[in-house]
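Worksheet: the structure to be examined is printed underneath.
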Amino acid sequence: MVMRLSDRLAKLSEGQLVDGRLECLYHGWQFEGKGKCVKIPQLPSGATIPRTACVKTYEVKDSQGVIWVWMSDKNPADPEKLPWFENFARPGFQDISTTHELPYDHSILLENLMDPAHVPISHDRTDWSAKREDAQALLFKVIERSSRGFAGLWGKEKEQTMPNYLRFDAPCVLQNNREIVDKNGEKHYFSGLFLCRPSGQGKSMLIVRFGGTKRSSPIAKLFPMWYFHQNAGKVFEQDMGFLSSQNEILMKEKVPTKELYLNLRSSDTWVAEYRKWMDKVGHGMPYYFGHNTISLPKEPAVLEHAPAGLVAGISASLPAKGGIGTMHTPNLANRYFRHVIHCKECRSVLKAFQAWKNAFFFLALASAAFAILVSGRQWKSFLVVSSALCLAGVYACSSAIALNTTNFVRLHRRL
């Protein structure tokens, strides 16, 4: 079961697990798996917990490593409706998964993820495949349309082939698949899977899964998992300025996208297809921006995690650098709050690097102090070298911490 809110609407997602119970960190109330409240510290001794002190629950299911929630109150959960990703079930398939919370609308996020034309320019040299000189006209072919989404093939015009298969299944599943036959005639399968959901008006949560059946290169295996996670964060930061401003303009202009976008058939077919799909089904959404029609939000966006106080003021004074004290100022423009707090592995790595940094710093100070006190030349040299090596360790740990917490800033924007 998944649970929502506690005694005074505090988010239980901000809580913690204590002895298998979910504890609200506002007042310490604890709930068991079916939503029943089993502990209220503020009750007098011997008092009975009120029956109404419970939280709403929803059915959940684990499928292919993803937790799905059945949100309907009217109909029983139907496991047959769970998405099934064929490539992820193939023998030998391996993937890298990351989670990100992003400061722009769900539709803007999906539009960005189904746009292959921007990759060579916006993500130039971010990995081993994106190169700006590869920007070119693309071929597209829509092969399926329905109220549940659309699917089609795409490829590079120069190659005159369309080996990539893109599929959007409403409301949250986008996948880009490809099959490659090697020189030995063996077929390999590759998938980019994006699971996108709104986390509020103008905010989105995204699970990214990239993988394939072909073995990773020996060089890739040399890099730790957290390195790939921070590189994924870099990719989203490269697009963030464009997408945030796009979000603002859509809300400001209040017109359909055909009056604002110049969609090219050789690059923007999926974007146009997605907005036209919204024209057909948008009436069932809280709000939407279609190709020809729109429905504006009836309520203004609720601002959460609003920074306050001195630390927030200092943080906001240096946006290009991420600010001072941003580790303590929740802000979805900050990599730490977009990814690290949602990723157990990166949180653990960050704590480990911080501990090593402190240890190296202490050893460097101790070695330097002993180098001053000892009289023997050999001991003095040994301690000086040890102190230098420890300071190098401090620098290495600081660099690793920065990789995981500092936003990417383009060269022409850097101070």
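Amide H contacts for LYS39 (H built 1.01 Å from N in the peptide plane; partners 5 or more residues away or on another chain; cut-off under 5 Å): GLN30. Structural descriptor for the chain: relative contact order 12 percent, calculated from alpha carbon pairs under 8 angstrom and at least 6 residues apart.
When the charge dipole of the chain is built from unit charges on Cβ atoms (+1 for Lys and Arg, -1 for Asp and Glu) and taken about the Cα centre, the candidate among CYS196, SER386, GLY211 whose Cα reaches farthest toward its positive end is SER386. Shape analysis of the range 200-282 places it in the prolate category; the axes a ≥ b ≥ c from the Cα gyration tensor give an a/c of at least 1.5, with a/b above b/c. Cβ-Cβ distance of LEU82 and TRP356, R₀ of 41 Å, FRET efficiency by 1/(1 + (r/R0)^6): the value works out to about 0.45. Mean-square fluctuations from a GNM of the chain, with a 10 angstrom spring cutoff on Cα atoms, peak among HIS100, HIS188, HIS27 at HIS27. Using the alpha-carbon positions of the range 85-295, Rg (one decimal) and Dmax (whole number) come out as 17.4, 55 Å.
Please list LEU264, LEU139 from largest to smallest accessible area, probe radius 1.4 Å, with all protein chains kept in place.
LEU264, LEU139
For the pair PHE382 and GLN201, the difference between a 0.36 nm per residue extended length and the Cα-Cα distance amounts to 59.2 nm. By the rule of a second cysteine Cβ within less than 4.7 angstrom, the chain holds isolated cysteines at CYS24, CYS37, CYS54, CYS172, CYS196, CYS390, CYS397. Between ARG347 and SER399, the simple label model (points 7 Å from Cα in the Cβ direction) yields a spacing of 2.8 nm. With a Förster radius of 41 Å applied to the beta-carbon distance between GLU32 and GLN160, the computed FRET efficiency rounds to 0.10. Shape summary of the chain, radius of gyration then Dmax from alpha carbon positions: 25.4, 84 Å. Amide H contacts of LYS203 (H built 1.01 Å from N, in plane; Pro and chain starts excluded): HIS106 sit under 5 Å, all sequence-distant by 5 or more or on other chains. Using a Gaussian network model of the chain with C-alpha springs under 10 Å, which one of ALA352, ALA371, ALA47 is most mobile by mean-square fluctuation? Result: ALA47 has the largest fluctuation of those listed. Its Kirkwood hydrodynamic radius, worked out from the mean inverse distance over all distinct Cα pairs, puts the range 36-137 at 19.4 Å.
Under 5 Å from the amide H of LEU25 lie the amide H atoms of GLY15, GLN16, each residue being 5 or more positions distant or on a separate chain, with H modelled from the backbone and absent for Pro and chain starts.
Between LEU43 and TYR287, take the C-beta separation as r, use R0 = 41 Å, and let me know the FRET efficiency to the nearest 0.05.
E(calc), rounded to 0.05, equals 0.45.
At a probe radius of 1.4 angstrom, the accessible area of the chain per residue rounds to 61 square angstrom.
Phi-derived couplings, Karplus 6.51 cos²θ - 1.76 cosθ + 1.60 at θ = phi - 60°, listed residue by residue for the range 19-36: 6, x, 10, 8, 9, 6, 7, 7, 10, x, 5, 10, 10, 8, x, 9, x, 6 Hz, with x used for Gly and Pro. These residues, CYS196, CYS172, go from largest to smallest accessible area, 1.4 Å probe, as CYS172, CYS196.
The solvent-accessible area of SER199, taken with every protein chain present and a 1.4 Å probe, is close to 30 Å².
The trypsin sites (Lys or Arg not before Pro) of the range 87-143 that DSSP puts in a loop, and whose beta carbon has at most 11 other beta carbons within 10 Å, are ARG125.
The values are calculated or read from the model by the stated rules, or taken from the named source; none is laboratory data. In this text the structure is predicted, and so the values were computed from the model without any measurement. Cβ: placed from backbone, ideal geometry, glycine included. Neighbour counts: every protein chain shown. Note: areas computed on protein heavy atoms with side chains; ligands, DNA, RNA excluded. Shrake-Rupley method; radii C 1.70, N 1.55, O 1.52, S 1.80 Å.
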